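Only one structure is covered here, and it is reproduced in the block below.
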Amino acid sequence: MSRTRIVITGIGLTAPNGNNLQEFRNSLLEKKSGIKMKDVRYMGEYPAGLCEFDETKYQKKKARRRGTRAGSIAIYCANEALVDSKIDFEAVDKSRVGVFLGITEHGNVETEEEIYQLHQNDLNVDLWSHHHNPRTVSNSPAGEVNLNLKITGPHFTIGSACAGGNMGLIHGAQQLMLGEVDFAFAGGVSESAQTFGIFAAFKAQGALAVNEDPTKASRPMDRDRNGIVISEGGCIYTLERLEDAQKRGAKIYGEIVGYAYNTDATDFVLPNTERQVECMEMALKKAQISKESVNIVNMHATGTKAGDINEALAVRTMFDDCENTYVNFTKGHIGHAMGAAGALELAGNLPSFNDHLVHPGMNLENMDPECAMKNLVGDKPVELEKVDTILNNSFGMLGINSSVIIKKY
Amino acid sequence: MTAEEVKQVVLDIISDVAPDEEVSDINSAESLRDQLDLDSMDFLDIVMELRKRHSVEVPSEDYPRLATLDSCVEYLTPKM
């Protein structure tokens with residue numbers, strides 16, 4: 001059965017080390033960190049990845065005041081993607097446009113702030129904001145994009161922990177395949193670095209990265225890693241059916257040829273290597289390609305002891321006998337952008353289709369022997385003869401796994 | 001507070017609630033909603049800020065008293 005072909009025609013992003021694809025890509029190649037110290041409420045200074053984009057480039061101050069940081073990130077990314085796509089959006093039927101964004105969580109930032117204010121106001125609930133509900137409903141970041149761009153088609157977020165970025169992209173593709181929409185904004189966003197609760201919970205779990213030098217704090221696969229650096233960010237793609245993109249002569253970044261998602265069903269937080277392998281295998285099967293044809297695998301690699309070891313084993317199991325498959329990771333540069341991570345990390349690798357460079361990881365100074373693998377790009381960029389296929393992994397709590405495969409078009 | 005001080009309080013709150021608007025051009029006798037991009041959520045914000053900053057309660061039946069800058073001053077001055 002032939003499948004509807006879906007392509008990426010625009011990219012908008014904000015990361016701790018870049019506010020567009022070119023800046024982000026350069027930072028990855030040059031190993032420019034986006035991690036700084038942040039004063040976390042009640043906790044003191046911790047390394048975190050914060051984005052420095054212009055919130056009012058596409059949004060009025062009042063809309064920003066009413067909405068959320070995640071919504072603001074989404075509006076910036078969606079507008080940047082739209083500009084990049086060069087589509088005549090005025091002429092597009094807005095009822096046939098959809099917005100599908102992966103999130104790890106949403107509402108912690110707003111709830112924490114309201115409770116903080118409640119305590120400042122002697123627990124007077126009469127001063128609780130009427131904005132609390134529209135800010136914290138889980139569709140909020142996607143709905144803010146629809147409000148901003150006057151899109152009347154569907155919008156929703158896909159709650160999928162740290163697999164969110166991949167899952168948003170997959171859902172966008174599926175909505176196009178189903179014929180529910182003709183143009184999709186799809187990806188992931190996160191405002192999690194603005195909370196204290198997520199920092200405190202990772203600290204309690206023994207999984208929050210600490211380092212006197214914030215740029216050294218996120219060090220996946222390194223022997224001396226000590227946890228996750230929490231970051232905010234966003235990456236939204238414009239997706240179209242191949243024939244629609246061709247008809248309007250759109251620039252095509254790549255084709256979503258395969259994807260898969262499954263569940264460990266074994267633990268709330270600990271990963272499961274076997275299910276991760278299954279997920280990658282299913283994505284390859286859907287893409288109808290051999291594992292040998294994958295040129296780059298981007299690991300989820302968060303910098304936790306267990307997470308990196310389990311995923312390294314999964315990637316070795318899959319690709320150890322593949323001479324031409326190279327492996328990299330992104331969180332050393334930008335920390336863990338949570339719901340945005342999958343979409344951002346994929347974007348960081350897409351320029352490889354043209355420049356054939358595999359960007360390196362960062363802070364991999366002493367390889368953890370349990371993470372060691374062939375063709376891991378941890379030090380400096382590697383130039384390949386060609387890059388045609390990228391596999392992007394994103395995994396999350398409650399055992400959610402996702403893999404996306406993009407092919408050069 | 002004097003009427004002039006109450007007027008400034010209201011203008012300060014409107015500036016915060018509607019940061020894209022230029023409040024210095026407001027005609028005090030004309031409807032605020034006709035001059036500014038204010039909706040019902042903004043009026044709830046104004047009421048909330050009066051409660052927070054000045055402990056002034058504005059019951060919902062009195063919301064029409066906040067229609068113009070002049071009517072705001074007339075209504076709020078005895079309360080502040």
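The values are calculated or read from the model by the stated rules, or taken from the named source; none is laboratory data. Since the structure is predicted, the reported quantities are computational estimates derived from the model, not experimental observations. Glycine gets a Cβ as well: all are built from the backbone with ideal geometry, and neighbour counts include every protein chain shown.
Side notes on the structure shown:
- Within segment A:135-144, the only residue that satisfies the criterion of being within 20 Å of residue B:44 (Cα to Cα) and surrounded by fewer than 16 Cβ atoms within 10 Å (Cβ to Cβ) is A:137.
- Qualifying positions in segment A:213-245 - closer than 27 Å to residue A:367 by Cβ, in a strand (DSSP E or B) and of a type in the set (A, V, I, L, M): A:228, A:230
- Checking each residue in segment B:16-27 for being away from chain A (no Cβ under 11 Å), crowded, with 16+ Cβ neighbours inside 10 Å and not in a loop (DSSP other than H, G, I, E, B) picks out only B:23.
- Number of the condition not met by residue A:129 [criteria: (1) in contact with a strand residue (DSSP E or B) (Cβ under 7 Å, 6 or more places away or on another chain); (2) outside any helix (DSSP H, G or I); (3) within 30 Å of residue B:49 (Cβ to Cβ)]: (1)
- Top-ranked residue in segment A:355-409 [being outside any strand (DSSP E or B) and under 19 Å from the mean Cα position of the chain (by Cα); ranked as surrounded by the fewest Cβ atoms within 10 Å (Cβ to Cβ)]: A:398
- Candidates B:61, B:57, filtered to the one that is part of a helix (DSSP H, G or I) and exposed (fewer than 12 other Cβ atoms within 10 Å of the Cβ): B:61
- Of the candidates A:63, A:74, A:78, A:70, the single residue that is in a helix (DSSP H, G or I), within 14 Å of chain B (Cβ to nearest Cβ) and touching a helix residue (DSSP H, G or I) at 6+ places or on another chain (Cβ under 9 Å) is A:63.
- Any hit, segment A:146-159, residues being surrounded by fewer than 23 Cβ atoms within 10 Å (Cβ to Cβ), on the phi < 0 side of the Ramachandran plot and either of a type in the set (A, V, I, L, M) or modelled with pLDDT under 95 (or both): yes
- If only residues of segment B:28-44 that are within 14 Å of chain A (Cβ to nearest Cβ), over 12 Å from the mean Cα position of the chain (by Cα) and assigned to a helix (DSSP H, G or I) are counted, the one that is surrounded by the most Cβ atoms within 10 Å (Cβ to Cβ) is B:41.
- When segment A:293-308 is filtered for residues that are of a type outside the set (A, V, I, L, M) and more than 15 Å from the chain's Cα centre (by Cα), the ones remaining, listed by number, are A:293, A:295, A:303, A:304, A:305, A:307, A:308.
- Within segment B:49-70, tally of residues that are under 9 Å from the mean Cα position of the chain (by Cα) and hydroxyl-bearing (Ser, Thr, Tyr): 1
- All of (1) over 12 Å from residue A:25 (Cα atoms); (2) at pLDDT 95 or above hold for residue A:378 with one exception: (2).
- Contact annotation: no residue pair with Cβ atoms under 6 Å, 6 or more positions apart or on different chains, pairs a residue in segment A:345-370 that is in the same structural domain as residue A:220 (by TED's automatic domain parsing) and closer than 26 Å to residue A:223 by Cβ with a partner that is in a strand (DSSP E or B) and among the hydroxyl-bearing types (Ser, Thr, Tyr).
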